[in-house]
1. Which ordering of A:133, B:68, A:45, B:159 is given by a fewest-first count of other beta-carbon atoms within 10 Å?
2. Put +1 on the Cβ of each Lys and Arg and -1 on the Cβ of each Asp and Glu in chain A; which of A:58, A:223, A:32 then has its Cα farthest toward the positive end of the dipole?
3. Percent antiparallel among DSSP beta bridges with both residues in the range A:216-330, to the nearest 5?
4. Rounded to the nearest 5, what % of DSSP beta bridges with both residues in the protein assembly as shown are antiparallel?
5. Note down the relative contact order for the range A:30-187 as a percent, whole number, built from C-alpha pairs under 8 angstrom at least six residues apart.
6. Percent of alpha carbon pairs in the range A:195-353 separated by more than 18 Å?
7. Select from A:96, B:30, A:123 the residue farthest towards the positive end of the dipole of the protein assembly as shown; place +1 on Cβ of Lys and Arg, -1 on Cβ of Asp and Glu, and compute about the Cα centre.
8. Nothing charged except the Cβ atoms of Lys and Arg (+1) and of Asp and Glu (-1): what's the magnitude of the dipole of the range B:139-194 about its Cα centre? Round to the nearest 20 debye.
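Only the coordinates and a few stated rules stand behind these numbers; no lab work does. Quick caveat, the model's predicted, so the values are computed rather than measured. All Cβ positions, glycine included, derive from the backbone under ideal geometry; neighbour counts span all protein chains shown.
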Amino acid sequence: MHPLLARKGRLGPYLAACTPLAAVLVAVLVRPGALSLLEAAAVAVPMTLLYAFLGLSAWYPARSLPLERGRLALVVITHCVTGVCTSAVWVFVGAGMVRLLALTPVFAALPARYAQEVPVLFGAGVLLYLLSVALHYVLVAFEAAREAERRESALEILARRAELEALKAQIHPHFLFNSLNSISALVASDPPKAREMCIGLADFLRQSLSVGERPAIPLSEEIALATRYLDVERARFGRRLAVETDVTPEGALCSVPPLLLQPLVENAVVHGIATLEAGGIVRMQAERSGRRLRIVIENPYDPDAPPKRRSGLGLKIVRDRLTALYGAEALFAARRVDGRHLAILSIPIRADA
Amino acid sequence: MSDAVRVLIVDDEEPARLLLREILAAEPGVEIVGEAENGFEAVRAASECRPDIAFLDIEMPKLNGFEVAELLAPEVAVVFVTAYDQWALKAFEIHAADYVLKPYRAERLREALARASSRRAGGAPAVDPAAVSKSARPAGSFAERIVVRDGPKVHVIPVDRVDCLEAQDDYVAVRSQGKKFLKLQTLASLAETLDPARFLRVHRSYVVNLDRLRSIELYAKNSHVALLADGSRIPISREGHARLAALLDRR
């Protein structure tokens with residue numbers, strides 16, 4: 001349905017906007033030897049009203065024939081033909097109306113004079129039609145722009161939601177509860193270690209909250225944050241948890257969304273190290289190659305470990321976030337090779353970073 | 001003191017064990033008889049030192065706390081000590097004595113100890129292995145492995161390596177790769193934990209892994225036997241044959 005008729009309250013302003021058109025039509029028709037002012041008004045007002053509706057029909061060809069290169073001839077021909085037809089209908093209906101008017105003595109001479117003005121009216125009709133087509137193209141473009149805007153804001157909402165999920169996920173309550181339990185244990189037996197763990201936990205939380213507010217941080221900072229997290233976990237797991245970091249200097253300078261690696265590092269501990277009696281090494285590697293940054297988080301895991309809850313959630317958060325931020329430009333894969341779990345991601349390096 | 005309450009501590013984190021030990025050791029009439037860092041060790045320790053109460057973490061390497069509970073002697077009272085609150089309901093479904101959330105106050109742990117001790121004195125039913133094996137997996141999914149205790153040893157058998165299950169008095173014999181493992185559980189309750197699209201009860205005393213089914217042979221008039229991949233044959237009842245036919249039709 002035509003957008004003007006689809007919603008109430010739009011028709012009134014539209015008809016009001018057509019009033020100047022009636023005035024122009026009157027001005028065209030009132031010429032010496034042509035129509036009198038009264039006759040012109042009697043013809044122009046109803047005919048403008050009629051055209052106000054006939055003109056709306058231009059919306060359909062305008063919508064189905066978008067202005068595209070290579071189709072211009074088709075567009076021009078189509079609109080000219082429909083314009084001629086519409087105008088002919090208009091002039092014909094006008095003639096009928098004039099004949100009705102001629103039944104009153106005041107307009108007795110009108111049919112003859114109208115007949116004289118038919119070429120002018122017909123020409124005006126075609127021109128009006130083309131004007132209507134042009135306006136409709138503007139309308140279609142406007143609607144398309146608004147639709148695009150709406151889609152973009154929906155995407156933005158999606159991106160924000162992914163961000164929020166990532167932030168929520170990184171303050172994983174079980175990590176806190178387990179860490180607090182370790183502190184509770186160490187308070188009596190090893191007070192300096194308990195204090196150290198308190199401070200480590202506070203540092204990690206403070207830093208993760210502050211970087212969470214920034215749109216992007218250098219990879220070096222992200223790795224430092226992950227290392228703090230792993231330091232806290234090491235107090236729980238002791239010798240079972242070892243950490244290795246291998247980040248090239250150029251890679252360290254690249255910027256990444258904050259806390260991007262957090263769910264992966266947490267997975268490495270919860271689904272990797274924690275499943276192994278002897279524990280193992282969490283390895284964080286990153287290097288820049290050309291316009292891309294490649295990061296690998298690697299950890300051993302027990303393939304026969306009992307099933308866990310939440311598995312896959314961390315990976316989903318990372319994947320959603322990358323899609324929201326980089327679209328198809330980001331690559332993310334999780335692989336299992338010989339008892340080792342690898343999370344591999346590759347993101348484009350942005351100029352603004 | 002001969003009637004001291006014998007306690008086993010199981011947690012994979014050293015500080016967590018430390019805290020349990022500290023609080024429990026200070027209790028009069030409590031003897032800490034063992035500590036374990038993982039599920040296998042826990043089962044071994046339990047069979048050696050015969051505890052009255054086991055304090056179990058849930059998320060551990062090798063076997064999780066529920067699997068350990070399943071393998072403990074039925075008279076051992078179980079107290080789960082974990083940071084995860086989502087298992088609480090399952091813990092009570094399997095008649096765990098208590099469920100303590102980390103971090104906890106010393107009083108909370110003493111309360112759990114008292115509850116577990118009184119249960120022991122009252123002779124209330126301890127952990128029900130059938131209920132445990134049902135609860136040890138996330139809702140809506142099926143068991144991926146069967147845990148069986150053999151003295152101090154634990155066998156973990158992935159379900160895809162199981163040929164068939166056979167009822168034997170109070171036990172179920174789990175047949176896998178030419179070996180037979182006895183598990184103290186009823187056939188019906190164990191079968192309930194398995195994916196019905198893969199495991200089918202073909203006889204009052206038999207559940208078969210359909211992936212291991214080689215062929216069905218007519219044994220006598222109206223009587224069939226199933227030939228398994230390992231060459232063994234198991235009987236099929238009339239109802240079992242109808243169920244098998246229906247399932248194979250759907251496939």
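1. Placing the least packed residue first, the sequence is A:45, B:159, A:133, B:68.
2. With unit charges placed on the Cβ atoms, the residue in question is A:32.
3. Close to 55 percent.
4. 70 percent
5. Dividing the mean separation by the residue count of the range A:30-187 yields 28 percent.
6. Tail of P(r) above 18 Å: 59 percent of Cα pairs.
7. Sorting the options by dipole projection puts first A:96.
8. That gives the range B:139-194 a dipole magnitude of about 260 debye.
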